[in-house]
1. If only one of P136, P129 is part of a loop (DSSP other than H, G, I, E, B) and either exposed (fewer than 11 other Cβ atoms within 10 Å of the Cβ) or touching a Pro at 6+ places or on another chain (Cβ under 8 Å) (or both), which one is it?
2. Scanning for something buried (at least 18 other Cβ atoms within 10 Å of the Cβ), in contact with a strand residue (DSSP E or B) (Cβ under 9 Å, 6 or more places away or on another chain) and part of a helix (DSSP H, G or I), does region 100-108 turn up at least one residue?
3. Name the pairs whose Cβ atoms lie under 6 Å apart, with the first residue in region 49-61 and farther than 12 Å from R110 by Cβ, the second assigned to a loop (DSSP other than H, G, I, E, B) and modelled with pLDDT under 95, and 6 or more positions between them or separate chains?
4. Restricting to region 76-93, what's the tally of residues that are surrounded by fewer than 18 Cβ atoms within 10 Å (Cβ to Cβ) and under 25 Å from A124 (Cα atoms)?
Amino acid sequence: MPDEDQSERAQTRAPSEPDRRRTDRYGAIAAALIALCAVVHASTSASIAQQRPATDDEKRKAFFDMASNERDMRRDAVHDFPTDAWSQDDAFHNSEFKKAREWADNHGVRLMDVLVAMDEGMHAGWPRPRNTFLSPTVPPCRPRPIY
């Protein structure tokens with residue numbers, strides 16, 4: 001029986017000092033490799049191209065183009081959320097943001113300028129396509145009972 005007790009103790013004993021040092025060393029090597037990979041990735045990745053500011057004419061064109069898509073984007077949002085006005089508006093603005101980003105990318109201008117043009121155009125009453133209604137309001141948020 002004493003042999004069994006000794007073998008059981010040997011299996012459950014704490015790691016020795018050399019074992020702990022080896023484990024610490026492996027951990028430090030792993031952390032250093034991860035840090036090295038991050039530095040290499042950051043230093044070799046392409047930088048984001050800086051877009052130029054939009055001119056006043058481009059802002060007006062962006063507003064006109066975005067306004068011409070509003071009816072279709074709102075119709076799609078109503079189709080996706082037929083009974084929830086807030087979710088319809090949220091879905092519309094998500095589509096609007098995607099269209100604004102696409103417009104900015106296609107014309108090589110800053111996204112911020114396209115979004116500001118939407119705001120300025122609505123407030124200043126810039127020309128827009130006929131039969132286009134732009135809604136500057138947001139319906140109140142009423143949480144849905146089921147998500």
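1. On the way: P129 fails: either exposed (fewer than 11 other Cβ atoms within 10 Å of the Cβ) or touching a Pro at 6+ places or on another chain (Cβ under 8 Å) (or both).
Exactly one residue qualifies, and that residue is P136.
2. Yes, that holds for at least one residue.
3. Going by the 6 Å Cβ cut-off, the qualifying pairs are R60/W126.
4. Within region 76-93, residues that are surrounded by fewer than 18 Cβ atoms within 10 Å (Cβ to Cβ) and under 25 Å from A124 (Cα atoms) number 2.
The values are calculated or read from the model by the stated rules, or taken from the named source; none is laboratory data. Since the model is a prediction, treat every value here as computed from it, not as a measurement. Because the Cβ atoms are built from the backbone with ideal geometry, glycine has one as well, and the counts that use them run over all protein chains shown.
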